[in-house]
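Participant: One structure is given below, represented as structure tokens, and several questions about it will come after.
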Amino acid sequence: MEERSSVGELAKSLRGELNRYSPGGKLPSSRALVERFRVSPVTVTRALAQLAAEGLVVTRPGAGAFRAEPRTTAPPAGDTSWQEVSLSGDGGPEVVPRTVDASGVLVTLAAPSPGVIEFNGGYLHPTLQPERAMAAALARAGRRPGAWGRPPVDGLPELRAWFAREIGPGVGAADVLVTAGGQSALATALRALAPPGAPVLVESPTYPGMLAVARAAGLRPVPVPVDRDGVRPELLAAAFRATGARVFVCQPLFQNPTGAVLAPERRAETLRIARTAGAFVVEDDFARRLAHEDAGPLPPPLAADDPDGVVVHVCSLTKVTSPSLRVGAMAARGPVLERLRAIQVVDSFFVPRPLQEAALELVGSPSWNTHLRSVAAELARRRTLLAGELRRLLPELDLPHVPSGGGSLWLRVPGEGGSGADEAAFVSGALRAGVAVAPGRPYFCAEPPAAQTRISFAAASGAGEIAEGVRRLRTAYDTLRAGAGRRPGSQPSRPGSRERAPERWATRSS
């Protein structure tokens, strides 16, 4: 049994036995629990710590664990209905309410129920994470002189220099701020670059976490459609003219969720259009270290070809390591750098020094490049397997593009008119069949052009789980079609029938 499940099972058993002891009564010793439940001393310690955190037991060093005294009755709940009025006040007709909708983010953060295959995850499966290398890096970092002291607010100079080298020769360490991951950097950038109520141009579809950050800051996301070559420059220029926006957020490399790479001829044009509009480009370079082994040479970040300070570059180590290694960077030039720095300092002071030191140890170790090569090879294998299984078992799902980077595929869900009801039915039907997929709706800030879904291959445990997940999706789809055939007025599908998939991307519609 895995350590985590052992701890949970032991805590559950002890929780059920607490009534045997009076308040203040002593529980069996750790040695007795080890012998009785046939678990390790570490498992016993962690299970008792879990019960202590729940307020059920009290541990006393050298004395043991005791049942906690009964909790006092909680005070009666107050009337918090006044908060609805306060939080909805927008201060005037020109200000956008700062509503916070985290549902699109929580889809990829929430752990699935036991037995459910995780096709909706946003991070590498633990078997792909460099857990041993990170543990060793953290141990070495903790022994560094001053590791637990206060770091410079901009970040450790050595780490800033490393990020600068990774971004490109046009960026120096003085242009870089170390951040608490990419999400925090996006939030800081949007607050620095646009006042509440302002429009901000975003790719359509795009990362739901960025849309949530924008709306929480009171900004108005305005969609600019993408195709297989990235954002369409003519539509970007039109959106700047129509809205007067001063910010465009994009993911030029392996865009989330489509996997598109901004075409070479569009890179300079995108920067030119933004510069003409007097606008910033926030470049979310989240997937550079998730390139597959068959990706070929990668284009440099937009920030590397930007002498005028148009680009605010955001990157992170989190995606290719662990959700808990929340270390990233922002790079910018000119007066905007000071504003970014000021907002970050006010919000969080600095990124904890032990994390920065651990990141330095990790990227400087011989295991770093080995890990990157291993991830590149495994992601390529998983992508090829998932795409092949989907085309073999579920050809009804339109797969317009197979990316050479990132950890997911973006598919169109067939249905009557491509309605949101079709998408919701597919997602809920898949979950009933034992596989969690991400709905497409949260990736759009306006009406989506079709029902779509994102299926992750990075979060699955391996090839066997990917194949089984697609088989379950086939079962879910057949169940939905059978149900549709029984509805009054509907026509059951013919075996083997399939509507022809459109040749263009659904996302090209504005």
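Laboratory data are not the source of any read-out in this text; all were calculated from the coordinates shown. All values derive from a computational prediction rather than experimental measurement. Using ideal geometry, Cβ is built from the backbone for each residue, glycine included, and neighbour counts are taken over all protein chains shown.
Participant: Between L106 and S324, how high is the FRET efficiency from 1/(1 + (r/R0)^6) when r is the Cβ-Cβ distance and R₀ = 25 Å? Nearest 0.05. Don't jump to the answer; show the numbers that get you there.
Facilitator: Values: r = 17 Å, r/R0 = 0.69.
About 0.90, to the nearest 0.05.
Participant: For V222, list long-range residues whose amide hydrogen, built 1.01 Å from N in the peptide plane, is under 5 Å from its own amide hydrogen.
Facilitator: Placed amide hydrogens put V200, L201, V202 under 5 Å from V222.
Participant: Sticking with this structure for a sec: Starting from the Cα-Cα distance between R143 and L393, subtract it from 0.36 nm times their residue separation and give me the gain in nm to one decimal.
Facilitator: Working: separation 250, 0.36 × 250 = 90.00 nm, distance 5.27 nm.
Additional length available on full extension: 84.7 nm.
Participant: Per-residue ellipticity at 222 nm for the chain, helices alone: DSSP H runs ≥ 4 residues times -39500 (n - 2.57), over residue total, nearest 500 deg cm²/dmol?
Facilitator: -13000 deg cm²/dmol
Participant: In addition: Could you bin all the Cα-Cα distances of the stretch 174-283 into 10 Å bins starting at 0 and give me the percent of pairs in each, rounded to whole numbers?
Facilitator: 15, 49, 34, 3
Participant: Relative contact order of the chain, please, whole-number percent, based on alpha carbon pairs below 8 angstrom and at least 6 residues apart.
Facilitator: Relative contact order, the chain: 18 percent.
Participant: Show the residues, 5+ positions off or on another chain, whose built amide H is closer than 5 Å to the amide H of A291.
Facilitator: Those lying under 5 Å, H to H, from A291 are G406.
Participant: Output the peptides 457-465, 194-202 sorted from most to least packed, where packing is the average of other Cβ atoms within 10 Å over each peptide's residues. Let's see the in-between values first.
Facilitator: Numbers: 457-465: 19.0, 194-202: 21.1.
Highest mean packing first, the order is 194-202, 457-465.
Participant: Here is a further query. Using only the alpha carbon atoms of the stretch 232-360, find the Kirkwood hydrodynamic radius as the inverse mean reciprocal pair distance, in angstroms to one decimal.
Facilitator: 16.2 Å
Participant: Within the stretch 306-327, find all residues whose amide N lies under 17 Å from a label point positioned 7 Å from the Cα of A216 along Cα-to-beta-carbon.
Facilitator: Zone members listed by number: 324, 326-327.
Participant: Simple spin-label model, 7 Å along Cα-to-Cβ: V153 to R275 in nm?
Facilitator: My value for the distance between the label points is 3.2 nm.
Participant: What is the P(r) of the stretch 144-221, as percent of Cα-Cα pairs per 5 Å bin from 0?
Facilitator: Cα pair-distance distribution for the stretch 144-221, in percent: 3, 13, 19, 17, 15, 15, 12, 4, 2, 0.
Participant: Then there's this: Taking only C-alpha pairs under 8 Å that are 6+ residues apart, what is the relative contact order of the stretch 3-67 in percent?
Facilitator: Reported relative contact order: 42 percent.
Participant: In what sequence do H313, H292 fall when counting other Cβ within 10 Å, fewest first? Working shown, then result.
Facilitator: Working: H313 27, H292 22.
Going from least to most buried by this count: H292, H313.
Participant: With the radius of gyration and the Kirkwood radius both derived from the Cα set of the stretch 3-67, what is their ratio Rg to Rh?
Facilitator: Rg divided by Rh gives 0.92.
Participant: In nm, to one decimal, how far is the D478 label point from the A242 one, both placed 7 Å along Cα→Cβ?
Facilitator: Distance between label points: 4.5 nm.
Participant: Check which residues have an amide H placed less than 5 Å from A260's amide H, if you skip close sequence neighbours.
Facilitator: For A260, the qualifying residues are Q255.
Participant: Next question, about the same structure. Return the Rg/Rh value of the stretch 414-483, two decimal places, where both radii are evaluated on C-alpha atoms and Rh is the Kirkwood radius. Mind dumping the intermediate values first?
Facilitator: Details: Rg = 12.5 Å, Rh = 12.7 Å.
So for the stretch 414-483, dividing Rg by the Kirkwood Rh gives 0.99.
Participant: Quick one: order C250, C445 by neighbouring beta-carbon count within 10 Å, fewest to most. Show your work: numbers first, answer last.
Facilitator: Working: C250 26, C445 21.
Arranged by neighbour count, lowest to highest, C250, C445 become C445, C250.
Participant: Please report the spacing between the Cα centers of the stretch 203-258 and the stretch 160-188 in Å, no decimals.
Facilitator: 21 Å
Participant: With each label point set 7 Å from Cα along the Cα-Cβ vector, what nm distance links A135 and A446?
Facilitator: Placing both labels 7 Å along Cα→Cβ, they lie 5.1 nm apart.
Participant: Another one. What list do you get for S374, S408 if you sort them by fewest beta carbons within 10 Å?
Facilitator: S374, S408
Participant: State the dimensionless ratio Rg/Rh of the stretch 129-363 (Rg: radius of gyration of Cα atoms; Rh: Kirkwood radius).
Facilitator: Reported Rg/Rh, Kirkwood definition of Rh: 0.97.
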